[in-house]
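See below for the structure under consideration.
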Amino acid sequence: LLSPVLKSAVSFTCRKFSMGQISQQGKVPDMAEVRNRLREIVGASTNWQDHQQVLAERASLSQYLAPSQDQLPAKRMKDSMIEAHLPLGSQPALREKYLNSHNSDLDCLEVLICYSHTWNEELQRSPLSIVTALVDKIDMRQNIIYPDCDIKCTGHVTWVGKTSIEATMHMSQYQDGAYTDVLDATFVMVARDPENKRAAFVNPLKPEGPEEEAIFHQGEVNKTRRVELSTASLLKVAPTAEERTLVHNLFLNTLDTRRVSFRGRILPPNSVWMEDAKFKGLEICHPEERNIFNRIFGGFLMRKAYELGRANACAFAGCRPTVVAVDDILFRKPVEIGSLLLLSSQVCYTEGMYVQVRVHSEVLDPLTRQHNTTNVFHFTFHLEKDVPAVVPQSYGESMLYLDGKRHFDGTMRNHC
């Protein structure tokens, strides 16, 4: 269901530099032209062999970085506003290309929004390297995305820190004479220097009017929530008293009452051991999946994680799952071209007709045999029937269970 915003031939119009310079009168630009414009902005090359030369040329742009945020002009929300159209209904010939394309992703839209916010018209190239730090959330507002109806995406910057930018995008689809909401997505991007080695300052954001003030305030709330979630992570602190009671009750429900032993474990009815609810996958990261900085596209990683997580949910429940939400995807480390990407999917929590899936991705260095985590993905799926309960056995699995429940409860609160 995420694929319509990840595919090619997206057409754009906007208020600022980016679209105006790639559009021709009477011609709607496709996604390839948008990617080319992004390459022009950062001075990237489409040729992998030119990568080192491009890096050397970008290093000279460091002189244009602002020494502080105070020296950058404030921007308005409308300065970064972008509207994008995917004309699947009005251009039937586009559908085959759309179904077969794997080269573009939501990152392109979000990155372009952020470059619109930080663009300096006096420069031909931007000294900033803007990369995805976090997919805060993607909430599905409609279960079905039709392959033969036009799609519209709109987005703009909603909050700005010193070196980070929050951008929100809304997607709708034209049906029965009107556009209806399909999904909302919130990304957090970070600005780096031209060589992508250290943080760089970005233009402050100046809200105009009560509505924009409320949007900006929500961005502050989102930031606070992210800090609180990180502080309360089960990788850092113990579970709450309520969560400890839940874990102990799960343990008691699996004890064999015929044996006076803590080791005698039995599976409750209509349940599955967590150990038996996982999938694994391997991807070799080829150059065609690279972004404008010659790293692997974040959208490619998201798609592969989504596909594995969806397959996991489908096999677990025995029916077709529908994605409800994607949240808290932190890009911990860039993935280099040629990397061996290991994906591990785990059904970590279930409730009624819902399944919470966690996908962990890591890069394996075949020479040193070292594993480095790159991402952790969280997906909430809705099924067509009630699903079995997933039951942890070890303490580590119990923490996965609680973490999954936290993400599921957060998703349900957003959809209430």
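Restricting region 261-321 to chymotrypsin sites (Phe, Trp or Tyr not before Pro) that sit in a DSSP loop and have at most 10 other Cβ atoms within 10 Å of their own Cβ leaves 262.
Here are a few candidate values for volume of the Cα convex hull per residue in Å³: [x] 168; [y] 127; [z] 152. Which one was actually calculated from the structure I just gave you? So the calculated entry is the one marked [x]. For the Cα atoms of the chain, what angle does the longest principal axis make with the long axis of helix 106-118, in degrees from 0 to 90, nearest 10? In the chain, helix 106-118 runs at an angle near 50 degrees to the longest axis. Relative to the first principal axis of the alpha-carbon coordinates of the chain, what is the inclination of helix 31-42, with its axis defined by its Cα atoms, in degrees from 0 to 90 and to the nearest 10? Its long axis makes an angle of about 70 degrees. For residue 297, nonlocal amide neighbours, meaning residues 5 or more places apart or on other chains whose placed amide H falls under 5 Å from its own, are 290, 291. Of all DSSP beta bridges confined to the chain, the antiparallel ones make up roughly 95%.
Given an 8 Å cut-off on Cα distances and at least 6 residues of separation, report the relative contact order of the chain as a percent.
Numbers: 816 pairs, mean separation 61.2, N = 416.
About 15 percent, as a whole number.
In the chain, excluding the sites themselves, the longest stretch lacking any of the trypsin sites (Lys or Arg not before Pro) that are in a DSSP loop with at most 15 other Cβ atoms within 10 Å is 1-140. Principal-axis analysis of the Cα atoms of the chain puts helix 298-317 at an angle of about 30° to the longest axis. Computed in the context of the full set of protein chains, the accessible area of the chain at 1.4 Å probe radius has 51% of its extent on carbon or sulfur.
Less than 5 angstrom separates the built amide H of residue 272 from those of 389, 390, 391, all sequence-distant by 5 or more or on a different chain.
With each run of n ≥ 4 DSSP H residues scored as -39500 (n - 2.57), what mean residue ellipticity at 222 nm is computed for the chain after dividing by its residue count and rounding to the nearest 500 deg cm²/dmol? Numbers along the way, then the final one.
Values: 9 runs with 124 residues, N = 416.
When only DSSP H runs of four or more count, the value is -9500 deg cm²/dmol.
Using the Karplus relation 6.51 cos²θ - 1.76 cosθ + 1.60 with θ = phi - 60°, the per-residue 3J(HN,Hα) values for region 324-329 come to 9, 7, 10, 8, 6, 8 Hz, with x marking Gly and Pro. As a quick test, which of the pairs 278/405; 78/152; 137/223; 162/405; 137/333 have an alpha carbon distance above 21 angstrom in this structure? From the list (278/405; 78/152; 137/223; 162/405; 137/333), the Cα-Cα distance tops 21 Å for 162/405.
Please identify the longest segment of the chain free of exposed GluC sites (Glu not before Pro), where exposed means a DSSP state other than H, G, I, E or B and no more than 16 other Cβ atoms within 10 Å.
Values: sites that count: 121, 122, 195, 208, 336, 384.
My reading of the result: 209-335 is the longest stretch.
Nearest 5 is fine: what % of DSSP beta bridges in region 236-413 come out antiparallel, could you say? Kindly include the intermediate steps, with their values, before the conclusion.
On the way: 39 of 42 bridges.
Percent antiparallel among DSSP bridges in region 236-413 is about 95.
The values are calculated or read from the model by the stated rules, or taken from the named source; none is laboratory data. Computed from a predicted model, the values in this text were never measured in an experiment. Here the Cβ is made from the backbone with ideal geometry for all residues, glycine too, and neighbour counts use every protein chain on show. Surface areas here come from the heavy atoms of the whole protein model, side chains and all, with no ligands, DNA or RNA. Shrake-Rupley method; radii C 1.70, N 1.55, O 1.52, S 1.80 Å.
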